[in-house]
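What follows is a short report on a single structure.
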Amino acid sequence: MTSQIGQMLPFIAFIIIQIPCPVTTVGVLCISIGTDLIPAISLAYELGELDLMTRKPRGKEDHMVTMTLMAQAYGYMGWI
C-alpha cells in the first residue's frame, strides 16, 4: 500500500503541473519489482503460526482495514 504513493506522485504531477516525468514507465516497473522482491522472499521464509486455527474468529464488526490503518499507511508510512 505504501510504495504505490511514491510511484504515482510523479505521474500525477506530470498530469496536473505539466512537469516532465523523471522516470519512464519501464523504470518505475523495474524499481517496483526490485523493491517488492525482498519483502516477497522474506514472506516465503516466514514461519507459520502454530495456534492460528485455534484462535477465535474476528467479530463481524471488526474489519481488517480500519481508518487508523489507512491513515498510518498512506499518511505516515507512505511518505517515508
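Bear in mind that the values in this text are calculations on the coordinates, not laboratory data. The structure displayed is predicted, hence computed values, not measured ones. Backbone-built Cβ (ideal geometry, glycine too); neighbour counts: all protein chains shown.
Around the Cα centre of segment 13-80, unit charges on the Cβ atoms of Lys, Arg, Asp and Glu (plus for the first two, minus for the last two) sum to a dipole of about 160 debye.
Just so you know, the Rg over Rh for the chain is 1.12, from Cα atoms, with Rh as the Kirkwood radius. Sparsely packed loop sites in the chain (the chymotrypsin sites (Phe, Trp or Tyr not before Pro) outside DSSP H, G, I, E and B with at most 12 other Cβ atoms within 10 Å) comprise Tyr45, Trp79. Each helix, a run of at least 4 DSSP H residues, gives -39500 (n - 2.57); summed and divided by the residues of the chain, these come to -15000 deg cm²/dmol at 222 nm. Helix 25-44 and the longest principal axis of the C-alpha atoms of the chain enclose an angle of approximately 20°.
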